[in-house]
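*Asks:* First the structure, which I've put down as structure tokens, then a few questions once you've had a look.
The values are calculated or read from the model by the stated rules, or taken from the named source; none is laboratory data. Remember, it's a predicted structure, so these values are computed and weren't measured experimentally. All Cβ positions, even for glycine, are placed from backbone atoms using ideal geometry, and neighbour counts span all protein chains on display. Note: areas computed on protein heavy atoms with side chains; ligands, DNA, RNA excluded. Shrake-Rupley method; radii C 1.70, N 1.55, O 1.52, S 1.80 Å.
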Amino acid sequence: MKKKSEVYTIEQFADLLSVSKDTLRRWDNSGKLKARRNGISGYRFYTEKELKICEQLELYFPKSKNADNAVTPDNYYTSVELFAGAGGLALGLEEAGLHHVMLNEFDHTACETLRKNRPDWNVVEGDVHDIDFSQYQGKVDVVTGGFPCQAFSYAGKKLGFEDARGTLFFEWARAVKEIQPKICIGENVRGLLSHDNGKTIKGMVDILTELGYTVLAPQILKAIYYKVPQKRERMILVGIRKGISTNFFYPKPSRRIYTLKDALKKGSLYDCDVPKSEGEKYPEKKRKVMELVPPGGYWRDLPVEIQKDYMKGSYYLGGGKTGMARRISWDEPCLTLTCAPAQKQTERCHPDETRPFTVREYARIQTFPDSWEFAGSMTQKYKQIGNAVPVNLAKEVGYSIIDFLNRYNESQQTEHCDVEYKIKRAAV
């Protein structure tokens with residue numbers, strides 16, 4: 001029997017290619033990528049045939065329906081993490097098989113979250129400037145961290161390690177210098193690549209190179225390709241200590257897109273519906289506006305006069321601003337979560353109820369387990385979750401790290417055996 005071709009709605013196909021629905025409509029109208037049409041309703045849809053056309057047109061999309069990056073550690077691998085926040089990156093790396101020797105975080109409430117969930121973790125609270133990392137030299141395999149993006153001037157001379165003093169990236173680089181791990185992994189927002197016309201990231205790469213690391217071209221990982229029901233992107237920067245010839249491979253993306261329904265309802269991501277929890281509420285004026293927005297809709301779905309009143313001057317500016325007054329539908333991934341769910345003009349409204357997502361809904365969209373508790377006030381909880389690396393994305397990156405370390409260890413064992421063999425042969 002012939003296998004039935006998978007069908008993708010325009011929303012699903014847009015998510016696969018990381019383009020907007022309007023872009024797909026333009027491609028359809030221009031003939032670049034023709035959509036199929038439902039004979040009754042006339043709705044656009046796509047099949048595997050259109051995916052193959054995308055490949056021929058070199059439009060990026062994951063080639064595997066369900067990529068499996070899982071790998072088992074062959075050894076006890078250790079890490080040090082800076083700027084740990086509420087533990088999204090650390091938890092994902094732990095689930096992949098890494099063991100954290102130390103985590104540093106400045107924010108007291110985030111440290112309380114880490115301690116509450118992992119009493120055995122060595123959480124060092126305080127200013128990173130005051131930490132001596134040399135005690136970990138030769139004892140740690142990986143240094144990780146989501147260093148805040150602070151600008152430093154690149155004009156006039158080649159920026160060196162000492163010139164970056166005063167930035168938090170310098171402290172992360174100092175940890176790398178003092179520990180000398182086999183591999184270092186930095187993560188940040190996509191915008192870092194274009195910050196200061198690319199000079200900031202170039203300076204960071206030059207500094208790691210100066211410290212004795214081969215730096216891979218930074219990659220943007222789209223969370224929706226890594227079992228995260230959220231359209232979030234993170235830039236990953238990888239440095240491998242010079243003298244190590246083992247290659248690092250980024251995790252393979254999956255074509256399986258998880259939606260808000262997967263996050264909040266019982267299913268393939270969670271074995272029960274999301275637990276009830278505290279949550280923000282909209283001011284009454286905003287609530288009345290959001291009541292008029294349908295699931296999957298945004299400010300353009302409001303009556304024109306309400307659009308003008310709500311958007312103010314932004315109404316007359318260019319750009320779609322599709323995140324404003326946005327109600328997420330059950331059948332799409334959530335837009336990137338912010339640190340304040342009721343923040344003006346970056347709304348992420350529940351599909352059925354006119355309210356922001358609750359704390360536990362926020363956590364699920366970031367793929368935290370329900371058992372992960374957050375310390376502090378409701379505002380602090382939202383901030384911690386909104387700033388986190390999605391746990392599932394971190395786990396997939398963790399598998400790539402484990403794979404790298406496994407292959408490095410194997411190469412070392414092979415080299416050791418070769419040396420022993422040559423010694424024995426020479427003695428004969």
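*Asks:* Divide by every residue of the chain the summed helix terms, -39500 (n - 2.57) for each DSSP H run of at least 4, and state the resulting mean residue ellipticity at 222 nm, rounded to the nearest 500 deg cm²/dmol. It would help to have the intermediate numbers written out before the result.
*Replies:* Numbers: 13 runs with 144 residues, N = 428.
Calculated from helices alone, the mean residue ellipticity at 222 nm is -10000 deg cm²/dmol.
*Asks:* While we're here: What does the highest-first list of 76-89, 193-206, 400-413 look like by mean Cβ count within 10 Å? Numbers along the way, then the final one.
*Replies:* Details: 76-89: 24.9, 193-206: 16.8, 400-413: 18.6.
In descending order of packing, they fall as 76-89, 400-413, 193-206.
*Asks:* Pulled fully out, how much extra length does the chain show between Arg26 and Asp68, if you take 0.36 nm times their separation in residues and subtract their Cα-Cα distance? Could the numbers behind the result be given before it?
*Replies:* Numbers: separation 42, 0.36 × 42 = 15.12 nm, distance 3.40 nm.
Stretched fully, the Arg26-Asp68 segment lengthens by 11.7 nm.
*Asks:* Still on this structure, please answer the following. Given a 1.4 angstrom probe, I'd like the percentage of the accessible area of the chain that is carbon and sulfur, rounded to a whole number.
*Replies:* Numbers: 10430 of 20650 Å².
So the carbon and sulfur contribution to the accessible surface is 50 percent.
*Asks:* To make sure I understand the rule: partners must be aspartates and glutamates, Cα under 15 Å from the Cα of Lys288, and not fewer than 8 residues away in the same chain. Which ones qualify?
*Replies:* Straight-distance partners of Lys288: Asp301, Glu305, Asp309, Glu347, Asp352, Glu353.
*Asks:* Let me ask something else about it. Once phi is turned into θ = phi - 60°, what whole-Hz ³J(HN,Hα) does the Karplus curve with 6.51, -1.76 and 1.60 give for every residue of the range 29-35, x standing for Gly and Pro?
*Replies:* 5, 8, x, 5, 8, 7, 7
*Asks:* Compute, for the range 254-308, the length of the dipole vector about the Cα centre, with Cβ point charges of +1 (Lys, Arg) and -1 (Asp, Glu) only. Units Debye, rounded to 20.
*Replies:* For this selection, approximately 140 debye.
*Asks:* If R0 is 22 Å, what FRET efficiency do you get for Glu291 and Arg256 from their C-beta distance, rounded to 0.05? Intermediate values should be presented prior to the final figure.
*Replies:* Numbers: r = 33 Å, r/R0 = 1.51.
For R0 = 22 Å, the calculated efficiency reads 0.10.
*Asks:* For Lys49, give me every one of the aspartates and glutamates with a C-alpha distance below 20 angstrom, ignoring sequence neighbours fewer than eight places off in its own chain.
*Replies:* The qualifying aspartates and glutamates are Glu6, Glu11, Asp15, Asp28, Glu58.
*Asks:* Where nothing but the Cβ of Lys and Arg (+1) and of Asp and Glu (-1) is charged, how large is the charge dipole of the range 33-125 around its Cα centre, in debye to the nearest 20?
*Replies:* For this selection, approximately 980 debye.
*Asks:* Turning to a different aspect of this structure: Only Lys, Arg, Asp and Glu count, each charged at its Cβ (+1, +1, -1, -1), so figure out the dipole size of the chain about its Cα centre, rounded to 20 debye.
*Replies:* Numbers: 65 positive and 56 negative charges, 399 e Å.
My answer is approximately 1920 debye.
*Asks:* Any chance you could check the Cα centroid distance between the range 226-267 and the range 45-123 for me, in angstrom?
*Replies:* 7
*Asks:* Taking amide H positions as placed 1.01 Å from N in the peptide plane, with prolines and chain starts having none, which residues 5 or more places from Tyr213, or on another chain, fall under 5 Å of its amide H?
*Replies:* Lys242
*Asks:* Which aspartates and glutamates have a Cα lying under 12 Å from the Cα of Lys34, excluding residues fewer than 8 positions away in the same chain?
*Replies:* Glu50
*Asks:* If you wrap a convex hull around the alpha carbons of the chain, what volume per residue comes out, as a whole number of Å³? Mind dumping the intermediate values first?
*Replies:* On the way: hull volume 91.0 nm³, N = 428.
Dividing the Cα hull volume of the chain by its residue count gives 213 Å³.
*Asks:* Averaged per residue, what accessible area in Å² does the chain show with a 1.4 Å probe, protein chains only? Write down the numbers at each step before the final one.
*Replies:* Working: 20650 Å² over 428 residues.
Averaged over the residues of the chain, the accessible area is 48 Å².
*Asks:* Something else: Taking amide H atoms as placed 1.01 Å from N in the peptide plane, list the residues 5 or more away in sequence, or in a different chain, whose amide H sits under 5 Å from that of Gly145.
*Replies:* Amide H neighbours of Gly145: Leu82, Ile185, Glu187.
*Asks:* Convert each backbone phi in the range 226-240 into a coupling constant with the Karplus relation 6.51 cos²θ - 1.76 cosθ + 1.60 (shift: θ = phi - 60°), then list the ³J(HN,Hα) values in order as whole Hz, x for Gly and Pro.
*Replies:* Values per residue, Gly and Pro as x: 10, 6, 10, x, 7, 7, 10, 10, 10, 8, 10, 10, 10, x, 10 Hz.
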